[in-house]
Amino acid sequence: MGSTELAFASIRDLARLIRCGETTPTALAEYFLDRLETVGRRLNAVVTITRERALREARLAEEELAAGYDRGLLHGIPYGAKDLLATAGIPTTWGAAPLRDQVFPEDATAIVRLRDAGAVLVGKLAMVEIAGGMGYTQPNASLTGPGINPWNEDAWSGGSSSGSGSAVGAGAVPFALGSETWGSILVPASYCGVAGLRPTYGRVSRRGAMALCWTLDKIGPLCRTADDCGLVLAAIAGPDPGDPTTLPSVFQYAPASTRSAGFRLGVLREGLDAMQPEVRDSFLASLDVLAECATLEDVALPDFPYGEAATIIVGAEGAAAHEELIEGGRIAGLTAPECRLGGYAGTLIPAVDYLRALRIRRHVAVALDQLFARHDAIVCPATGVVASPLSLNFDEYAGTVRRLTIGSAGNLAGLPAISVHNGFGERGLPTGLQIVGRTGAESTILAVARAYEARTPWHAKHPTW
Amino acid sequence: MAEDRASGSVEIIAEAMAKTLEARHAGRFTVEEIATIRTRIGRYLAAADKLREYRLSNADEPDLVFMPYRREE
């Protein structure tokens, strides 16, 4: 396998190469450490390269595999983690300049679980400062600079899991962990042409992850393929006494025993006319492909103030979670001018308004569950536009389609969703297909995503790096 | 059930809330910064007004569950 092929190989392919002796965990770690140092740095995708830890973990993986102790497909596979996941003794900056020297004594649970699966941490990846919770309006909102898109260096990578999206998209890491409160996995996945899975709320422990919004934060993988997302989710999911919101059920990823056709899919066309023509065309072409393995039925979301409820919840919880940074004035050290002021307004949201949003949220969850119970999943574009130019504010570029209703609805209800690459739009930038599932239905949306990828070439395409 | 705010009152309330912040953090903000914060407050007020249009009853509880704690022995 050539060098570039290695950069863009799937987890299964890399695992096979290790087991047949064509490469080793140490060789892979050194290869991706170099990719992060060169490609990753150029894309502003990296905060810290964890060379010492990576080589230590890789050597251990090599010794274990040589001794016949195989921890599974992630054993010896390098990865990067969004820099809001704590890693013992290594800076965890939350993307924020005032916190550049912040160090925690323990690994976050998701990092511990990947270590237990034998994966090798090669770097802490760039992110929008405070996961975007202070209200950024343009790409230059991180201590590492604006996230640069691997398909077009004049375009943004998306956020807030910026480095997770661009590093995977550019072949600088085989997979990455990101987090989503409201769009932060699906948007960079769509913009960078990779698969990004937002798990059900509570599926993955948040212990050791920066809190932006306790009732909305989710940790999930960004990978080359839907199958890779399933493999990583299986490693990081599960109950954790350190996070009381984790679901008691265990997630098992068994692609061989799940169906690959016969799906019932709802099609959400809301806002389609206002989207960029290429995004719309990619989606309509995706429907033709999905029709080969599914029955399709148009659906509409029930009428709720989704965006307003999410705005109040994120505003209030974000201000509370970062009260010390705001009240102490250190927020003035953030990179984006709008973020330096963004948290103050949230400190004044009345408790009654916050609680009203949470009271409506229960109605939202019940109504959406009734809708999703009639379908295996609902499909729609991941975003209404491709990645914006680095020089523009988001609203200037995307206008009214910047935020799709399904984004606030799905996150409010804690529903799982995946974005997979489904074509290209203007300026050679990727478009994404979003597949949203019922609570706990990650296996189903992964099956739909795999069925789509099995019929299309998009996930195998990659930029030249 | 609260009455809907009168038209234009969002600006008035936002102004008052921004003054609260100025008082809490005396000397921290420029005039332009206070204007930016006031705009953000206005967005939250408008969002809250929209939420008030959705009817709730006394039986509608917040989607939070409090769990009394007792250490396992």
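The values are calculated or read from the model by the stated rules, or taken from the named source; none is laboratory data. If you're wondering where the values come from, they're calculated on a predicted model, not measured in any experiment. Backbone-built Cβ (ideal geometry, glycine too); neighbour counts: all protein chains shown.
Taking the range A:356-380 on its own, how many of its residues are closer than 21 Å to A:Ser443 by Cα, touching a Leu at 6+ places or on another chain (Cβ under 7 Å) and not hydrophobic (A, V, I, L, M, F, W, C)?
Looking only at that region, the number is 2.
Look through A:Thr137, A:Thr144 and report the one residue that is in contact with an Asp or Glu (Cβ under 6 Å, 6 or more places away or on another chain) and part of a loop (DSSP other than H, G, I, E, B).
Exactly one residue qualifies, and that residue is A:Thr137.
Can you name the helices (runs of 4 or more DSSP H) wholly within the range A:1-48 that have at least 1 residues being over 17 Å from A:Lys461 (Cα atoms) and of a type outside the set (Asp, Glu)?
A:11-19, A:25-35
Kindly provide the set of residues from the range A:410-443 that are among the aliphatic types (A, V, I, L, M), in a loop (DSSP other than H, G, I, E, B) and over 28 Å from A:Thr464 (Cα atoms), ordered by number.
Answer for the range A:410-443, where residues must be among the aliphatic types (A, V, I, L, M), in a loop (DSSP other than H, G, I, E, B) and over 28 Å from A:Thr464 (Cα atoms): A:Ala413, A:Leu415, A:Ala441.
Looking only at the range A:231-278, count how many residues are assigned to a helix (DSSP H, G or I), touching an Asp or Glu at 6+ places or on another chain (Cβ under 9 Å) and either of a type in the set (Lys, Arg) or crowded, with 17+ Cβ neighbours inside 10 Å (or both).
3
Tally the residues that are buried (at least 22 other Cβ atoms within 10 Å of the Cβ) and not small (Gly, Ala, Ser), restricting the search to the range A:309-325.
6
Part of a loop (DSSP other than H, G, I, E, B) and either more than 14 Å from chain B (Cβ to nearest Cβ) or under 29 Å from A:Cys192 (Cβ atoms) (or both) - does that describe any residue in the range A:310-321?
The answer is no; no qualifying residue exists.
Failed condition for A:Ala365, given (1) touching a Phe, Trp or Tyr at 6+ places or on another chain (Cβ under 8 Å); (2) within 14 Å of chain B (Cβ to nearest Cβ); (3) among the aliphatic types (A, V, I, L, M); (4) closer than 30 Å to A:Phe263 by Cβ, with all others met?
The failed condition is (1).
Report yes if some residue within the range A:281-289 is surrounded by fewer than 22 Cβ atoms within 10 Å (Cβ to Cβ) and facing another protein chain (nearest Cβ under 10 Å); otherwise report no.
No, because not a single residue in the range A:281-289 is surrounded by fewer than 22 Cβ atoms within 10 Å (Cβ to Cβ) and facing another protein chain (nearest Cβ under 10 Å).
Looking at the range B:9-33, I want the residues that are of a type in the set (D, E, K, R) and have a partner that is assigned to a helix (DSSP H, G or I) with Cβ atoms under 6 Å, at least 6 apart or on another chain. Which pairs are those?
From residues that are of a type in the set (D, E, K, R), the pairs are B:Glu33/A:Leu341.
For B:Arg40, are the conditions met, namely being buried (at least 17 other Cβ atoms within 10 Å of the Cβ), free of Cβ contacts under 8 Å to residues at least 60 places away in the same chain and within 8 Å of another protein chain (Cβ to nearest Cβ)?
yes
Does A:Leu334 fit the bill of being farther than 24 Å from A:Leu412 by Cβ, crowded, with 21+ Cβ neighbours inside 10 Å, in contact (Cβ under 8 Å) with a residue 12 or more places away in the chain and more than 7 Å from chain B (Cβ to nearest Cβ)?
Considered against the rule, which asks whether it is farther than 24 Å from A:Leu412 by Cβ, crowded, with 21+ Cβ neighbours inside 10 Å, in contact (Cβ under 8 Å) with a residue 12 or more places away in the chain and more than 7 Å from chain B (Cβ to nearest Cβ), A:Leu334 comes out as yes.
Please list, ordered by first then second residue, the pairs with beta carbon atoms under 6 Å, 6 or more apart or interchain, first in the range A:187-206 and of a type in the set (Lys, Arg), second part of a loop (DSSP other than H, G, I, E, B).
A:Arg198/A:Ile185; A:Arg203/A:Leu247; A:Arg206/A:Asp217
Rundown of residues vs (1) within 14 Å of chain B (Cβ to nearest Cβ); (2) farther than 28 Å from A:Ala285 by Cα; (3) surrounded by fewer than 16 Cβ atoms within 10 Å (Cβ to Cβ), yes/no style:
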site: A:Ile349; (1), (2), (3): yes, yes, no
site: A:Ala357; (1), (2), (3): yes, yes, no
site: A:Thr400; (1), (2), (3): no, no, yes
site: A:Asn422; (1), (2), (3): no, no, no
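Failed condition for A:Leu446, given (1) closer than 22 Å to A:Ala141 by Cα; (2) at pLDDT 95 or above, with all others met?
All conditions pass for A:Leu446, except number (1).
Would you confirm whether any residue within the range B:44-53 is surrounded by 10 or more Cβ atoms within 10 Å (Cβ to Cβ), of a type in the set (Phe, Trp, Tyr), modelled with pLDDT of 95 or more and in a helix (DSSP H, G or I)?
Yes, because at least one residue in the range B:44-53 is surrounded by 10 or more Cβ atoms within 10 Å (Cβ to Cβ), of a type in the set (Phe, Trp, Tyr), modelled with pLDDT of 95 or more and in a helix (DSSP H, G or I).
Is it the case that A:Pro105 is in a loop (DSSP other than H, G, I, E, B) and either at positive phi or buried (at least 21 other Cβ atoms within 10 Å of the Cβ) (or both)?
Taking the combined requirement at face value, the residue does not satisfy it.
When B:Ala16 is evaluated against the numbered criteria (1) within 15 Å of A:Leu348 (Cβ to Cβ); (2) of a type in the set (A, V, I, L, M, F, W, C); (3) modelled with pLDDT under 95, which criterion, by number, is the only one it fails?
If we test B:Ala16 against (1) within 15 Å of A:Leu348 (Cβ to Cβ); (2) of a type in the set (A, V, I, L, M, F, W, C); (3) modelled with pLDDT under 95, just (3) comes out false.
Could you grab me the full set of residues in the range B:54-73 that are of a type outside the set (D, E, K, R) and either surrounded by 10 or more Cβ atoms within 10 Å (Cβ to Cβ) or in contact with a Leu (Cβ under 8 Å, 6 or more places away or on another chain) (or both)?
Once the filter is applied, which keeps residues that are of a type outside the set (D, E, K, R) and either surrounded by 10 or more Cβ atoms within 10 Å (Cβ to Cβ) or in contact with a Leu (Cβ under 8 Å, 6 or more places away or on another chain) (or both), the range B:54-73 yields B:Tyr54, B:Leu56, B:Pro62, B:Leu64.
Take A:Gly414 and decide whether it is at positive phi and at pLDDT below 95.
So A:Gly414 fails the test.
Does the range A:444-457 hold any residues that are more than 18 Å from A:Asp376 (Cα to Cα) and either assigned to a strand (DSSP E or B) or touching a helix residue (DSSP H, G or I) at 6+ places or on another chain (Cβ under 9 Å) (or both), and which are they?
A:Arg455, A:Thr456
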